[in-house]
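The structure appears right after this line, and notes come after that.
What follows is calculated from the coordinates using simple rules that are stated; it is not laboratory data. Note that the structure is a prediction, hence the values are computed from the model and not measured. Virtual Cβ from ideal backbone geometry, glycine too; neighbours counted across all protein chains shown.
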Amino acid sequence: MHEPEKERITHMPDDLFERGMAVRKAVLGDEHVARAQANTTAFDADFQRFITEVAWGRVWTRPGLDQRTRHLITLAMLAALGKHDELAMHVAATVRTGVTEDELREVFLQVAIYAGMPSANAAFALAKRVLAGSVPGSVPGSGPGSGPGSGCRSLDGDAET
């Protein structure tokens with residue numbers, strides 16, 4: 001391997017981190033990401049960096065799908081898996097990715113068929129609370145069809161991704 005290639009690889013993690021932070025902020029909002037960084041401790045610092053580099057910096061930046069499509073898939077998977085803390089955060093983030101309430105409803109109907117009625121029922125109930133602003137940290141109108149700048153933190157408050 002010649003030197004320029006070696007240098008590029010050496011600097012890749014910081015580049016991944018920066019790209020990841022940019023996407024993370026674009027999807028979840030500056031305020032949410034700032035809160036997550038402020039809540040980072042020595043215990044979870046490596047995990048937070050891992051999430052930023054791998055999930056946000058490698059996967060969310062791949063060219064095969066646009067950000068909105070990735071977000072629809074993420075919403076479906078979180079609902080199907082019953083990951084309610086993350087689902088609440090991502091429902092609130094739909095305002096920044098262009099996902100509409102109609103699309104969110106269709107995603108959860110798809111979840112009902114392929115992952116089961118209880119998963120979809122829980123997702124619909126949680127999304128209604130987030131969109132109404134009654135989930136801790138959420139803001140009324142922070143979901144589909146509302147203005148920028150609103151956001152929601154994870155329900156547990158400390159495990160924000």
Within region 77-85, can one find any residue that is crowded, with 20+ Cβ neighbours inside 10 Å and within 16 Å of K128 (Cα to Cα)? yes
Could you tell me whether A76 is in a helix (DSSP H, G or I) and touching a Ser or Thr at 6+ places or on another chain (Cβ under 9 Å)? no
Residue match in region 52-69 (condition: assigned to a helix (DSSP H, G or I) and more than 18 Å from F17 (Cα to Cα)): yes
I'm trying to understand the selection: among the residues of region 23-49, which are closer than 19 Å to R70 by Cα and of a type in the set (K, R)? R24, K25
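A quick yes/no check of all residues on (1) under 21 Å from V135 (Cβ atoms); (2) in contact with a Cys (Cβ under 8 Å, 6 or more places away or on another chain):
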position	(1), (2)
D15	no, no
M21	no, no
F43	no, no
R49	no, no
V91	yes, yes
T97	yes, no
E106	no, no
Could you identify the single residue in L126, L65 that is of a type outside the set (D, E, K, R), surrounded by fewer than 22 Cβ atoms within 10 Å (Cβ to Cβ) and in contact (Cβ under 8 Å) with a residue 40 or more places away in the chain? L126
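Working carefully through the options R49, R96, R58, find the one that is of a type in the set (K, R), surrounded by 16 or more Cβ atoms within 10 Å (Cβ to Cβ) and in contact (Cβ under 8 Å) with a residue 40 or more places away in the chain.
R96
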Within region 99-123, tally of residues that are surrounded by fewer than 18 Cβ atoms within 10 Å (Cβ to Cβ) and in a loop (DSSP other than H, G, I, E, B): 2
